[in-house]
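Q: What follows is a single structure, and I will ask about it in a moment.
The values are calculated or read from the model by the stated rules, or taken from the named source; none is laboratory data. Everything numeric in this text was worked out from a predicted model, so none of it was measured. Cβ: placed from backbone, ideal geometry, glycine included. Neighbour counts: every protein chain shown. Areas reflect the complete protein model, heavy atoms only, side chains present, ligands, DNA and RNA absent. Shrake-Rupley method; radii C 1.70, N 1.55, O 1.52, S 1.80 Å.
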Amino acid sequence: MTSVNRSGFPAAIGVFAIAATALATGALASDNKIALIPGGPHPYFAPWEQAAADAQKDFDIAAVDFKVPAEWKLNLQTELLESLAAQGYSAFGIFPGDSVGINSTVTELQSAGLPSAALAGCAQDPTDMAFCLGTDVYNSAYIGTKELIKAMGGKGNIVHLAGLLVDPNTTLRVKAVETAVEETNGEVTLLQTVADTDAQEAADQKISALLAAQKDEIGGMIATGYIPSVVASKLLRTLGDKRIKFIGIDDDQIVLKAIEDGFVAGTMAQNPYGQGYIGAYALDLLASGDCTMKDDAPWIETPQTARFIDSGTMVINLDNIASYKDDLKAITADIQGKFKDTYMTCS
């Protein structure tokens, strides 16, 4: 039975040390085994599976695997990390199940010579994560809210459909929406922030109740989570409502079709594929032992970390709905092509 420390995390130092001993035998980069691990099951991370397969092939890595904890519980994520380390995995791309709580496990991994990077969401500094590659969630939510306000003609009442409070990105998104509203000097009012909507049952219940009670008061809605974007798109279509302007996030086909049919004004694209693909590439270089991260790289400083890299974001609307995937591919290729020279020192 795995022992657990006072924080509830597996005390896996011994396991990590065994894995590190195996790693120290002089493995080449192509011998590395990389794992991409979200905080739990969620459709946002589905592109990581293809990203892992493509990175393994394109960069000649022994293995890049997508591994998902059974539930959104930090102890399940850390237990999975422990198990993978014992199986000889060399490095880990992690969406933190808890932005602070993950750090003790990351430190254990790092002390055993097994590097980690935060992907899609950051760990809170101080951390031994090599870097954080993800959406600039504050900027994305801010731009999305500005787009919503523009679609509303610059005035009216809006509602923010926010994600899971355990997601370290949610607080940043809430602040961004509030800031964009404040900049209207009272022309726009934030009626309500409805949190914890990024789970199917909660989204169905909360958004349905919101529209039933306040539909006539609401001029616009912004969703900053994948599932509420889909649910709100469906509900607006069911209501036949094109008066309420709506900006979602991510590119689910339901949301895209709602844009084409006029029920949704737009959605904020993220780049989960690029996060997994570039993350695997960088982790392979770190695990090889030939590269380290530069202290003086052009990092973006966020409230969570001083080593953030923006994986790209853009508005999808009727103007670019046919071309946005090519635009995201170009962003990914550009970041990956420059990553080694920009962020790393390699021997």
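Q: With (1) surrounded by fewer than 18 Cβ atoms within 10 Å (Cβ to Cβ); (2) at negative phi; (3) more than 21 Å from the chain's Cα centre (by Cα) as the list, and residue 88 as the residue in question, which single condition is left unmet?
A: The failed condition is (2).
Q: Taking segment 223-242 only, how many residues are of a type in the set (D, E, K, R), assigned to a loop (DSSP other than H, G, I, E, B) and open to solvent by 20 Å² or more (accessible area, probe 1.4 Å)? So that I can check it myself, show each step before the final result.
A: First, the residues of segment 223-242 that are of a type in the set (D, E, K, R): 234, 237, 241-242.
If we keep only those that are assigned to a loop (DSSP other than H, G, I, E, B) too, we end up with 241-242.
The next check asks that each one be open to solvent by 20 Å² or more (accessible area, probe 1.4 Å); those that pass are 242.
Residues in segment 223-242 being of a type in the set (D, E, K, R), assigned to a loop (DSSP other than H, G, I, E, B) and open to solvent by 20 Å² or more (accessible area, probe 1.4 Å): 1 in total.
Q: Which is more than 30 Å from residue 101 (Cβ to Cβ) and either in contact (Cβ under 8 Å) with a residue 24 or more places away in the chain or part of a helix (DSSP H, G or I) (or both), of 180, 176, 202?
A: Details: 176 fails: more than 30 Å from residue 101 (Cβ to Cβ); 202 fails: more than 30 Å from residue 101 (Cβ to Cβ).
When all the criteria are applied, what remains is 180.
Q: Taking segment 303-347, which residues are in contact with a helix residue (DSSP H, G or I) (Cβ under 8 Å, 6 or more places away or on another chain) and either assigned to a helix (DSSP H, G or I) or open to solvent by 70 Å² or more (accessible area, probe 1.4 Å) (or both)?
A: 303, 318, 328, 331, 332, 335, 336, 339, 340, 343
Q: Which one of 228, 168 is touching a helix residue (DSSP H, G or I) at 6+ places or on another chain (Cβ under 6 Å) and under 20 Å from residue 270 (Cα atoms)?
A: 228
Q: Of the residues 247, 309, 278, which is over 15 Å from the mean Cα position of the chain (by Cα), at pLDDT 95 or above and not aromatic (Phe, Trp, Tyr)?
A: 247
Q: Quick one: residue 283 ticks every box in (1) without any contact (Cβ under 8 Å) to a residue 40 or more places away in the chain; (2) in a helix (DSSP H, G or I) bar one, so which box is it?
A: Of everything listed in (1) without any contact (Cβ under 8 Å) to a residue 40 or more places away in the chain; (2) in a helix (DSSP H, G or I), residue 283 misses just condition (1).
Q: Counting only residues that are aliphatic (A, V, I, L, M) and assigned to a loop (DSSP other than H, G, I, E, B), which one in segment 120-153 is farthest from residue 108 (Cα to Cα)?
A: Filtering segment 120-153 for residues that are aliphatic (A, V, I, L, M) and assigned to a loop (DSSP other than H, G, I, E, B), the one farthest from residue 108 (Cα to Cα) comes out as 152.
Q: I've got another one for you. Which residues, taken from segment 128-166, are among the aromatic types (Phe, Trp, Tyr) and more than 13 Å from the chain's Cα centre (by Cα)?
A: 131, 142
Q: Any residue that is in contact with a strand residue (DSSP E or B) (Cβ under 9 Å, 6 or more places away or on another chain) and over 19 Å from residue 40 (Cβ atoms) - is there at least one of those in segment 113-122? Steps first, please.
A: First, the residues of segment 113-122 that are in contact with a strand residue (DSSP E or B) (Cβ under 9 Å, 6 or more places away or on another chain): 114-122.
Still in the list and also over 19 Å from residue 40 (Cβ atoms): 114-115.
The answer is yes; a qualifying residue exists.
For every residue, the table says whether it meets (1) more than 18 Å from residue 226 (Cβ to Cβ); (2) of a type outside the set (Ser, Thr, Tyr); (3) in contact with a Leu (Cβ under 8 Å, 6 or more places away or on another chain); (4) open to solvent by 50 Å² or more (accessible area, probe 1.4 Å).
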position: 108; (1), (2), (3), (4): yes, yes, no, no
position: 114; (1), (2), (3), (4): yes, yes, yes, no
position: 136; (1), (2), (3), (4): no, yes, no, no
position: 153; (1), (2), (3), (4): yes, yes, no, yes
position: 180; (1), (2), (3), (4): yes, yes, no, no
position: 204; (1), (2), (3), (4): no, yes, no, yes
position: 207; (1), (2), (3), (4): no, yes, yes, no
